[in-house]
1. So for region 72-84 (the condition being surrounded by 14 or more Cβ atoms within 10 Å (Cβ to Cβ) and among the β-branched types (Val, Ile, Thr)), does at least one residue qualify?
2. Go through region 1-41 and count every residue that is out of contact with any Leu (no Cβ under 8 Å at 6 or more places or on another chain) and assigned to a helix (DSSP H, G or I).
3. Which of the residues spanning region 89-101 are surrounded by 12 or more Cβ atoms within 10 Å (Cβ to Cβ) and either part of a loop (DSSP other than H, G, I, E, B) or of a type in the set (Val, Ile, Thr) (or both)?
4. Output yes when any residue across region 5-12 is in contact with a Phe, Trp or Tyr (Cβ under 9 Å, 6 or more places away or on another chain) and surrounded by fewer than 19 Cβ atoms within 10 Å (Cβ to Cβ), and no when none is.
5. Part of a helix (DSSP H, G or I), of a type outside the set (Gly, Ala, Ser) and at pLDDT below 95: is that true of residue 106 in this structure?
6. Given the criterion in contact with a Phe, Trp or Tyr (Cβ under 7 Å, 6 or more places away or on another chain) and surrounded by fewer than 20 Cβ atoms within 10 Å (Cβ to Cβ), identify the matching residue among 47, 28.
7. Return the residues of region 88-107 that are without any contact (Cβ under 8 Å) to a residue 12 or more places away in the chain and in contact with a Leu (Cβ under 9 Å, 6 or more places away or on another chain); say none if nothing qualifies.
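The values are calculated or read from the model by the stated rules, or taken from the named source; none is laboratory data. Model, not experiment: these values are computed from the prediction. Because the Cβ atoms are built from the backbone with ideal geometry, glycine has one as well, and the counts that use them run over all protein chains shown.
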Amino acid sequence: MVPFTERTVKIIYEIPAGRVMTYGQVASAAGNPRGARQVARILHSMSAKHGLPWHRIINAQGGISTPSGREEKGGLQRELLETEGVVFMDNGRVDLSVYRWFPEEEFI
């Protein structure tokens, strides 16, 4: 695994239940502020293999990013987050000022 991928996986593992991070936030914390798409690819390719809590990664607006034709995955993500106590606002977004998690300096 390349260092960025290793740091990304470690950060995602550390997100506590009931908290979220954005794709860009994970990328920045892992050392590549422009690597949000890389984070999405890592989640897509490694979540099942490494048991990553993929559902805790959302977009910068606090919403669930669901690929076209995969709405059921967005519903599952919302359900998993709600099970952990995350509350969605009427607009379907998460209040990042309440639920966003910031990793400790040791991860950055």
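1. Looking through region 72-84, none of the residues is surrounded by 14 or more Cβ atoms within 10 Å (Cβ to Cβ) and among the β-branched types (Val, Ile, Thr).
2. So the answer is 22.
3. Here is the first cut: in region 89-101, the residues surrounded by 12 or more Cβ atoms within 10 Å (Cβ to Cβ) are 92-96, 98-101.
Across region 89-101, the qualifying residues are 92, 93, 94, 95, 98, 101.
4. So the first thing to find is which residues in region 5-12 are in contact with a Phe, Trp or Tyr (Cβ under 9 Å, 6 or more places away or on another chain), and the list is 7, 10-12.
Now restrict to residues that are surrounded by fewer than 19 Cβ atoms within 10 Å (Cβ to Cβ): 10.
Yes, there is a match, as at least one residue in region 5-12 is in contact with a Phe, Trp or Tyr (Cβ under 9 Å, 6 or more places away or on another chain) and surrounded by fewer than 19 Cβ atoms within 10 Å (Cβ to Cβ).
5. Working: part of a helix (DSSP H, G or I): yes; of a type outside the set (Gly, Ala, Ser): yes; at pLDDT below 95: yes.
Yes.
6. Values: 28 fails: in contact with a Phe, Trp or Tyr (Cβ under 7 Å, 6 or more places away or on another chain).
On inspection, the qualifying residue turns out to be 47.
7. Hit for region 88-107 is 88, nothing else.
Here is a yes/no grid of residues against (1) modelled with pLDDT under 95; (2) over 26 Å from residue 1 (Cα atoms); (3) out of contact with any Gly (no Cβ under 8 Å at 6 or more places or on another chain); (4) not polar (S, T, N, Q):
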site: 49; (1), (2), (3), (4): yes, no, yes, yes
site: 53; (1), (2), (3), (4): no, no, yes, yes
site: 60; (1), (2), (3), (4): no, yes, no, yes
site: 64; (1), (2), (3), (4): yes, yes, no, yes
site: 71; (1), (2), (3), (4): yes, yes, yes, yes
site: 83; (1), (2), (3), (4): no, yes, yes, no
site: 96; (1), (2), (3), (4): no, yes, no, yes
